[in-house]
Structures are given as C-alpha cells and as structure tokens.
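Note sheet for the following structure.
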2 protein chains.
Amino acid sequence: MASDTTLAPVDRDETLAEKVYGRLRGALVGGRLVPGQKLVHRQLAAELGVSPTPVREALLRLVSEGALDLDVRGISWVPRLSPGRYAEIMDLRGELEGRAAARAALLATPEEIATLRAIHDRLMEGRRAKDAPVVLAENERFHFGVIAIARMPVLQKVVEHLWTQAGPTINLLLTVPRPDWPNGHPHEDLLRALDAHDADAARAAVERDLREYAKIVAPLLERDSGHGNPD
Amino acid sequence: MASDTTLAPVDRDETLAEKVYGRLRGALVGGRLVPGQKLVHRQLAAELGVSPTPVREALLRLVSEGALDLDVRGISWVPRLSPGRYAEIMDLRGELEGRAAARAALLATPEEIATLRAIHDRLMEGRRAKDAPVVLAENERFHFGVIAIARMPVLQKVVEHLWTQAGPTINLLLTVPRPDWPNGHPHEDLLRALDAHDADAARAAVERDLREYAKIVAPLLERDSGHGNPD
DNA sequence: AAATGATATTTGCTATAGCAAACATCATGA
DNA sequence: TCATGATGTTTGCTATAGCAAATATCATTT
C-alpha cells in the first residue's frame, strides 16, 4: 500500500511529537479521554517520559484539528460536544463519506472490495467477542478504506479531522448495548453496492450507517454537554 | 460581531505563535508565497524578530491544516497543487459552501443580507480600482459571511482549511485578466436567493461561483505543478 | 576537469530555563 | 464563619542551547 514503485522504503522514524500525537489521537478516538478532561502538557510529558516541547506540539496540532479545545488561558480540554455540534459533524461526515463511497463504487477493484470485506469480517468477529477496541479499529479502517479507494486525499484529511472531533463521544456509545442491525449491517449494503458499481446505493449505505450511528449517540449527548469547564 | 451579550470583552492578546500564524496564512491566501518555496523557521524567526519556537509552531499548524507540505526531512514547503488536487479542493468547497448557502437562505435576516451586500459592493469597487488585496479580502469576507449566517461552525473550520490550501494558487489568478461575468456576478445571484429564501438557488449560485473561478485557475496550474522540490 | 573526501554551516528536533499570569493554599482579621 | 490577603506552586509561552543529520563549501586526488 505504501510504495508500488521502485526502491526507496526507509521511511524516517517518527519524531517524538508525532508519536505523542498518535498516542493522544488514539486515546481520543478510542474513547479513553473523557470530555471535559484537562490536558496539561507538562504532566503528560512526565508521564510519557519526554520533554514538554513535543507534547505541546502534539496538543496544539490536535487543537488546530478541532479535536481539542483551547481556552483563553491556553489550557487544552477534551471538548464536550453539544448535540448540535455532534449532529453537524455527523452530517458532514455523511455528505463527505457518502461522496467518497459513490466515487469508490466507480473505481473499486475486486481486490480492494475483498480487502474491505475482510476488514468488515474482523469487525463483526470483534463484535461477537465484545472486543470494543477491535471493533473501533476495524470500523475506522473500513471507513478510511473506502475513502482510499476513492482516491480523494483532501477529503480524506477532512474526514480524519472530523473523525477525531467525534472521537471522545464513543465512550458514551460503549456504555450502551449495540444495536443488532435488524436490516443487516450497512457495511454489507455498501460492499454489495461496490460490487455492483452502484454509486447511489453506495452513498445511501454510508449515509444510513452514519445516520443510525448518530441516532444512538445523540440522545446520550444531551446529559453530557455541559457548558462550563469543571475540572 | 464578537459579543452581543453582557460584559466580558478583554480578549487576551494573541500569542506570538498566533501572530506568526496569521501573518503566514495571510501571505498564503494573499498569494505572496510562491508554490515550491521553502520556509525555514530560523530564517523566518530572524526576519520577524522572534525566537524559532513560535515560528515552528505556526509552520506546523499550517502543515496540519494542509496549507504547507512537510518533506521527510522536516522542511516546510509551499505546495505545488496538482490540477487534480486543486479540482478536489474546489469540488469540496462547492459542496460544503453550497450546503452552507442553502441553509443560510433559510436563516438569513435582512440585516445579514444587507451586510453581505455591502461586502460585495466593496469587492466590486475594489475590482474597478484594480486593488487586488481588497478584492481578495472582501471575497473571503463574503464567503465566510455566508457560512456565518448558516451557523455551521464545524463546516466553517473545514472551509477555512480548504481556503488556505488553495491560497497560493491565487497569485496565478492575478496574472490573468479577470472575467467580466457576462451573466452577472454569482454573488448577486446568491444575494437574490437569500432575499427569496430560495435554498436551491443559493446553492446553485455558490457552485457556479466556484466552478467559474476554478475554470479560470485550473489551466494555469498545468504548467506549474512540478513534482520535485527544486530550491 | 571530474570525482572524492574533509570540513564548516545549516537546520529540524528535543530539552531546558526563565518569566509572568493564574491558581491553590493557608494564615490573618473582621 | 467568612472574607481578605500573602505566599508558594503550577502552567503556558518564549527564548536558548545542544545534538545529529543533511547540506554546502572547498581542497585534494586521479
């Protein structure tokens, strides 16, 4: 996936700042950081065993992506998403991922579809095993796999940022029993649409996926979206 | 525009990093940084009279927004947009700004529309005076004014990032005579659509604006999008 | 003349230090 | 008991220093 051209692997090792960023982003989208939580860069630095500089850099990057809030004093917070803002994020994801799925339906090769299907199988297996981290990881892989097929790098970055912004809400989801998808999992609709090169069906499948997902999470946000910054 | 509620102005003065970011972003969207240009944080720091730290912070923020490229060695470049990538950016802007305009058509008050119209008048006056900086600034104000009416903060941030990414291309635009909009300026269509609360027409106006804009810029990109990093 | 190699410079990354504002703690006083 | 004020700590921001890799410069060699 990385390079199908000649030579030149040797990807430089990540900087510390990138590692810290990756760790924090993982914690966010894994729901291990709770909304309202304060992130103190010196404390994090001590915990991670690095100097404050790369931690500060990672925090500011997350702020610029909208994944963290920065109050007037420069303190980073895991934001409490208001229901309205959450709805806007999911709405945009639906529009953008739907567009990517439509394009993917036109471009997908059988191999790519098979790869996606394998990801979805692992997702379902993780769900049967009630292994939340696996479910979350494979779900993310699935969604970005579709975007990769569509070859839309700008859209990909936008959705990555939206994904991170909605990340902390999923710990709410984990507190509630997962739905059983009486009409079948939307991913399966999407896979069929890709097989059939049916762009409209692909878009509809993604939109249904996100809509049903949001329908579960939204009510859980009501109680959660305080306005202040209690510490 | 900032606070129509009681008390509490006193917005803390910007940090140096924010000032540097603002200056660099302005240079990007004003076309004063040429694609392919290398940005060396220590040199910039010396020019701006600050230490390397806030400059580095500003550069990395722009990188995370996609406005600058970072090569493997950690050097920041003003990216050369490929025609395909430019098209993707404008396509996404069309979709997102179109959506915002549609919503703005439902929400806009007469006062808000009047404000927009004043902005557009200044834009046209700047154009008659061939004052490019004014035209660019008022155009940006107009587009984000529409988004502000729509009350879509997440979308706003996304479009800001897209705007910055497409920024360096406008110096290409400045080399070419501006079109005369034989069918009238799309902004005027949009203003009429807002007046009429016609969401579909508003969306169409924005999409036409961006499409015709892109039609001018795209051919200019062909020659410009080298792949390498000449210095 | 071209290639090679040594040296000096540049440059990004990380760590550290200092400052000022914010915050917490606690003693004092009404 | 509660308010006030002094003091020490925390914390974000900026500057500075050191390191290592990359780059540039230049002398040497073939």
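Readers should treat all values here as calculations from the given coordinates under stated rules, not as data from a laboratory. The structure displayed is predicted, hence computed values, not measured ones. A quick note on method: Cβ atoms are made from the backbone with ideal geometry, for glycine too, and the neighbour counts reach across all protein chains shown.
For this structure, a couple of remarks:
- Ranked by how many other beta carbons lie within 10 Å on average, peptides B:106-116, A:196-206 from highest: A:196-206, B:106-116
- Rounded to the nearest 20 debye, dipole of the range B:83-222 from Cβ charges on Lys, Arg, Asp, Glu: 180 debye
- Fewest-first sequence of A:I149, B:I170 by Cβ atoms within 10 Å of each Cβ: B:I170, A:I149
- Helix A:110-128 vs. chain A, principal-axis angle (Cα, 0 to 90°, nearest 10): 60 degrees
- Degrees separating the helix B:83-107 axis from the principal Cα axis of chain B, which is the longest one: 40 degrees
- Reachable aspartates and glutamates from B:K215, criterion Cα separation under 15 angstrom, eight or more residues apart if same chain: B:E88, B:D91, B:D180, B:E207
- Model label sites at B:R127 and A:D198, defined 7 Å from Cα along the beta-carbon direction, differ in position by 4.5 nm.
- Residues B:W163, A:W181, sorted so that the one with the fewest Cβ neighbours within 10 Å comes first: A:W181, B:W163
- Peptide B:59-65 is shielded by partner chain Cβ atoms: per residue, an average of 4 of them sit within 10 Å of its Cβ.
- Starting from the label point of B:E222 at 7 Å along Cα→Cβ, the same points in the other copies fall at 5.8 nm, in ascending order.
- Relative contact order, percent, the range B:16-76 [alpha-carbon distance under 8 Å, six or more residues apart]: 38 percent
- Peptide B:68-74 has a mean shielding of 1, counted as Cβ atoms of other protein chains within 10 Å of each residue's Cβ.
- With helices as the sole contributors, chain B gives -21500 deg cm²/dmol at 222 nm; each DSSP H run of n ≥ 4 counts as -39500 (n - 2.57), and the sum is divided by every residue.
- Globularity ratio of the range A:17-77, using Cα Rg and 2.2 N^0.38 Å: 1.00
- Over chain B, Cα pairs under 8 Å with separation of 6+ residues give a relative contact order of 28 percent.
- log10 of Debye I(q)/I(0), alpha-carbon scatterers only, for chain B at 0.18 Å⁻¹: -1.40
- Compared with the dominant Cα axis of chain B, that is its longest principal axis, helix B:52-64 is turned about 50°.
- Note on A:152-163: average number of Cβ atoms from other chains within 10 Å of each residue's Cβ is 5.
- For the protein assembly as shown, pairs of C-alpha atoms spaced more than 43 angstrom apart make up 15 percent of the total.
- Comment: the Cα-to-Cβ extended label point of A:L107, at 7 Å, lies 3.2 nm from its counterparts in the other copies, nearest first.
- GNM top mover of B:G145, B:G31, B:G74 - chain B, alpha-carbon springs below 10 Å: B:G74
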